[in-house]
Amino acid sequence: MFTDPLFRRLLSVLFLAVLAGCAGPRPGELVIDRSIRAKSQDSRVEIVVLHYTATSNDASLKILSEHNVSSHYLITDEPRPTVYQLVDESRRAWHAGISSWYGRTDINAASIGIEIVNDGGSGTSWAPWPDAQIDVLITLLHDIVKRHQIKPHNIVGHSDIAPQRKVDPGPLFPWKRLADAGLGRWYSESKKQQYEREFLERGLPDIAWVQSELIRAGYDVEQHGKLDRATRNVVAAFQMRYRPSRYDGIPDAETMATLKALH
Ligand SMILES: [Zn+2]
């Protein structure tokens, strides 16, 4: 076999051609060696922001995919909710707007946004959250938290990061249920009761204390010691999440005790 000289020459030409092909990049061709990976790295995603859409499934889908707002995920309110992914997790979705959390203001760049279809509300009337929808959200959140190593205090509502502009996901949103599922931050009930007793016996801390505790919890508020409108908005955002029975923005003993029991 292969003794024919012409055939052997053909073979060697072919061999050289293959070798030349492997020898290196052609001019202008970019070759990147990805065989070695750095030990020191983590996800760019550190925060998950939850929203309600305050409109129907169809309108939510249209707005979030065609207008100049978006989210990574959209959960519908159908009996069996659909989870749409509208933006890749490696890319920015435009959901947070002007916002701040632990002093960080580029929230879109560091977060995953989840919009949940719910009619929302204002004042005293709010739309309820079906269990099926929250079940799906919890499954999705577990997956995101695991893949990006999200810390509990970084699962937030839009109202947490933009308390001057936003109230979603609102006071009916089941934050406690999420916390019971191991998702998000919650406070110690026994410590809260203890602090509340102490505050009622010895008197309440001042507004500067409330402001400094809110800052410590991640909220954007100035520590000037006055209960101005901006401070009340932040207190109301905190209450909607942790003490939703009353969210009037007045830092009463229970609110202050809850705030202290968070740490
Ligand atoms: Zn929102």
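The table below lists the values:
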item: Positions within segment 154-180 being polar (S, T, N, Q) and away from the ligand (no atom under 15 Å from the Cβ), in sequence order; result: 154
item: Of all residues making up segment 68-87, the number that are part of a loop (DSSP other than H, G, I, E, B) and either within 14 Å of the ligand (Cβ to nearest atom) or crowded, with 18+ Cβ neighbours inside 10 Å (or both); result: 8
item: Test result for residue 56, closer than 29 Å to residue 248 by Cα, open to solvent by 30 Å² or more (accessible area, probe 1.4 Å) and in contact (Cβ under 8 Å) with a residue 24 or more places away in the chain; result: yes
item: Candidate set: segment 225-256, residues that are assigned to a loop (DSSP other than H, G, I, E, B) and of a type in the set (Lys, Arg); chosen: the one farthest from residue 125 (Cα to Cα); result: 226
item: Residue count, segment 88-130 (criterion: open to solvent by less than 80 Å² (accessible area, probe 1.4 Å) and within 16 Å of the ligand (Cβ to nearest atom)); result: 22
item: Residue in segment 184-201 that is in contact (Cβ under 8 Å) with a residue 12 or more places away in the chain, in a loop (DSSP other than H, G, I, E, B), within 30 Å of residue 143 (Cα to Cα) and open to solvent by less than 10 Å² (accessible area, probe 1.4 Å) present; result: no
item: Residues of segment 143-176 satisfying the condition of being in contact with a Gly (Cβ under 8 Å, 6 or more places away or on another chain) and loosely packed, with under 14 Cβ neighbours inside 10 Å; result: 152, 165
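The values are calculated or read from the model by the stated rules, or taken from the named source; none is laboratory data. Please read all numbers here as calculations on a predicted model, not as lab measurements. A quick note on method: Cβ atoms are made from the backbone with ideal geometry, for glycine too, and the neighbour counts reach across all protein chains shown. Surface accessibility is based on the protein's heavy atoms, side chains included, excluding ligands, DNA and RNA. Shrake-Rupley method; radii C 1.70, N 1.55, O 1.52, S 1.80 Å.
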